[in-house]
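Chemist: Mind having a look at this structure? Questions to follow.
The values are calculated or read from the model by the stated rules, or taken from the named source; none is laboratory data. Only a predicted model underlies this, so the values are computations on that prediction, with no experimental measurement involved. Glycine also receives a Cβ, built like all others from the backbone with ideal geometry; neighbour counts cover every protein chain displayed. The protein model used for the area step is the full one, side chains on, heavy atoms only, and it has no ligands, DNA or RNA in it. Shrake-Rupley method; radii C 1.70, N 1.55, O 1.52, S 1.80 Å.
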Amino acid sequence: MKLGKIAHGKTVEIMEILSDCGRAGRLAALGFLPGRQVRICRIAPLGDPISIMMEGQEISLRRAEADLIEVKEIS
């Protein structure tokens, strides 16, 4: 399942980053690493961008970037 497809309020665990080195490196620098848990806290009215809460930080991603992150749902 892709992070960009997760509903508001759901918590998921990052499984894998599906991207080339440049984008994967940027996402890793932001803290998107396998094993981390994230929660979707806001979705813009038109669906892009989405805000993700991770370890006390709120990070906004474009949906295209979020779709590069493979996750599994926790709650």
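Chemist: Give the range 9-34 a look and list any residue that's without any contact (Cβ under 8 Å) to a residue 40 or more places away in the chain and under 12 Å from the mean Cα position of the chain (by Cα), or say none. Show your work before the answer.
Modeler: Taking the range 9-34 first, the residues without any contact (Cβ under 8 Å) to a residue 40 or more places away in the chain are 9, 20-22, 25-26, 28-34.
Of everything in the range 9-34, those that are without any contact (Cβ under 8 Å) to a residue 40 or more places away in the chain and under 12 Å from the mean Cα position of the chain (by Cα) turn out to be Ala28, Leu30, Gly31, Phe32, Leu33, Pro34.
Chemist: Among the strands (runs of 3 or more DSSP E) contained in the range 16-68, which hold 3 or more residues that are open to solvent by 80 Å² or more (accessible area, probe 1.4 Å)? Before you say what the answer is, go through the steps one by one.
Modeler: Numbers: elements: 37-43, 50-54, 57-61.
Correct list: 37-43.
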